[in-house]
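Below is one structure; the comments refer to it alone.
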Amino acid sequence: MSAPAPAHVHVRRLLAFLAKYWRALLALAAGLVLPLLGFAAIAEDVYEKEPFDFEEPLMLAIHRSSSDGLNHVAGAMSIFGSLKGMLPVTLLLTVLLYRVRARLGYFALLTLGGVALINTLLKQIFDRPRPALWTPFMPEPDFSFPSGHAMFASALASMLVAVLWPTRWRLPALLLGVFYVLLMMWSRVYIGVHYPTDVTGGALFSVAWVFGLSQILGIHRVLAPRAPAPSPEGA
């Protein structure tokens, strides 16, 4: 019976493993583990009806900055992020991406359609009432957590980033996506129909949802440049 390997051998093997897979592990943490942990931490307190002490002061501070111009911006974002705005966006992106690659079309439909269904289910589970700190100029009738607008915005941005990641457009897509999601999150709190944790939880859940789907479908490989085929010998 052979003797067990010395401890330093196992350490070298671990370091070699991390050196080979650190990018994949980092992506897993950033795209799936950390967003899910963040969502779970918020969702637990929401489900148990625990208050978040920072929310009311933050919302009132945002409300004090209101103006006609900001009302128009927040209202436009809310209309765009509603079902009437997102349904044609979903159908258009599904068709366009399907024409590029069928798998990309399926990815868009699963991403955006799935988020809509999941949001409806989660709202019924958590049944969090809407904020009542002031009268919103665009009221909403259903429950508050998680924000459907934030979930859809985050899913849309994350989906486009995943599709464009192998291309030179990854950085513009990432920066514009982050700006769009933050603007949508701000608009919902500004109007007064969501708590900050509603929009944060919704955005985090969608990041994890899209990352998981992208890994299952191998989206990061679809538009990746292919290595040229080797030429026949003697040609």
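The values are calculated or read from the model by the stated rules, or taken from the named source; none is laboratory data. Please read these numbers as outputs of a predicted model, since none were measured by experiment. For neighbour counting, all protein chains shown are included, and Cβ atoms are generated from backbone atoms with ideal geometry for every residue, glycine included.
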Only unsatisfied item for Phe54, checking (1) surrounded by 12 or more Cβ atoms within 10 Å (Cβ to Cβ); (2) touching a residue at least 12 places away in the same chain (Cβ under 8 Å); (3) more than 17 Å from the chain's Cα centre (by Cα), is (1)
Subset of region 119-131, residues of a type in the set (D, E, K, R) and touching a residue at least 40 places away in the same chain (Cβ under 8 Å), comes to Arg128, Arg130
Residue set Ser187, Ser231; condition hydroxyl-bearing (Ser, Thr, Tyr) and either modelled with pLDDT of 95 or more or assigned to a helix (DSSP H, G or I) (or both); output residue Ser187
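In region 83-114, how many residues are surrounded by 13 or more Cβ atoms within 10 Å (Cβ to Cβ) and either part of a helix (DSSP H, G or I) or modelled with pLDDT under 90 (or both)?
22
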Ala208 fails exactly one of (1) touching a Pro at 6+ places or on another chain (Cβ under 6 Å); (2) modelled with pLDDT of 95 or more, namely (2)
Looking at Tyr180, is it aromatic (Phe, Trp, Tyr) and surrounded by 21 or more Cβ atoms within 10 Å (Cβ to Cβ)?
no
Flagged in region 41-82 as hydroxyl-bearing (Ser, Thr, Tyr) and in a loop (DSSP other than H, G, I, E, B), in numbering order, are Ser65, Ser66, Ser67, Ser82
Per the filter on region 132-164, residues part of a loop (DSSP other than H, G, I, E, B) and in contact (Cβ under 8 Å) with a residue 24 or more places away in the chain are Leu133, Trp134, Thr135, Pro136, Phe137, Met138, Pro139, Glu140, Ser144, Phe145, Pro146, Ser147
